[in-house]
Amino acid sequence: SKMYGLILINGVSRGINYFEGFTLKWPTKDMPQTTWTDPLLTYLIWYHLGFETQTAHPDLVQSLRRHLEENVNAKNVIKLLNSFLKRTPIIMERPNETNKNTNPPITLTCTIMHITGFTSPHKDDVIDTNDKCDPTKSSYVEFSDCGGAVLDEQPAKTAEAIRLFLQGLGHISHMSIPKYSIANRVAEQAAENKRRNGSLGRISRRGSAPFDSVDSGLYRCDSQEDDNVGDDYYGHELQLRVDSFDDRNVKL
């Protein structure tokens, strides 16, 4: 009741299952209590990144492995994994929308945003957790070109999603959307183009791209499209990005 908003990245609410228990017991079996082993490192890298990210970003794998070996205490990790193996499910249930006279369900009452990646190893668990939350207060955000490490693979998109979530709660209102949005960057490029080429210079427009890459910030001069495109076009595109959080399911 004292929590106003909650952001969960790869949030899991279920307990341990048989497959996960077997997978986790294998790298920790007969392990020295103070040193790292290859099976344990392999499991932790999969847990944080997933298989697809390991293939696409080998540099990220090496960076994570080096961080674990040099900066993380293996003894503490083993104790954490032993507790992880004994975890119990978090009891939550989706509110009954048809019969509101029933007993109130056990669920989170604050506004929640679930963030995960398309190839994250925890994607199904995040969807399951989101389904147990109140649909009027829960948002699901999935990055299409990302695995489990959303903070490392897509930091800009994660920051944008968090900013919009906080603004939806009424915070950081001084960070106005026009100031940091695509429309503002286009306007700045148009003004710079006008200063360089005069009033007849062509306005820089954002190249055609799917919604996945809408936050890339790359623009070009499109000579085959109509130049008479006003600010309403870019304002409409920006409005789609903001209003998409009302649908509670966003894929960036």
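Overview of values
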{"item": "Odd one out for Val141 among (1) surrounded by fewer than 22 Cβ atoms within 10 Å (Cβ to Cβ); (2) touching a residue at least 12 places away in the same chain (Cβ under 8 Å)", "result": "(1)"}
{"item": "Helices (runs of 4 or more DSSP H) completely within the stretch 33-131 that count 2 or more residues being aromatic (Phe, Trp, Tyr) and under 29 Å from Val141 (Cα atoms)", "result": "38-49"}
{"item": "Residue check, Gln62 surrounded by 12 or more Cβ atoms within 10 Å (Cβ to Cβ) and at pLDDT 85 or above", "result": "no"}
{"item": "Pairs with Cβ under 7 Å, 6+ apart, first in the stretch 144-173 and free of Cβ contacts under 8 Å to residues at least 12 places away in the same chain, second of a type in the set (A, V, I, L, M, F, W, C) and crowded, with 16+ Cβ neighbours inside 10 Å", "result": "Ile172/Leu166"}
{"item": "Within the stretch 10-25, tally of residues that are modelled with pLDDT under 75 and touching a helix residue (DSSP H, G or I) at 6+ places or on another chain (Cβ under 8 Å)", "result": "4"}
{"item": "Restricting the stretch 110-126 to residues that are β-branched (Val, Ile, Thr) and crowded, with 22+ Cβ neighbours inside 10 Å, the residue that is nearest to Asp145 (Cα to Cα)", "result": "Thr116"}
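The values are calculated or read from the model by the stated rules, or taken from the named source; none is laboratory data. Since this is a predicted model, take the numbers as computed values, not measurements. All Cβ positions, glycine included, derive from the backbone under ideal geometry; neighbour counts span all protein chains shown.
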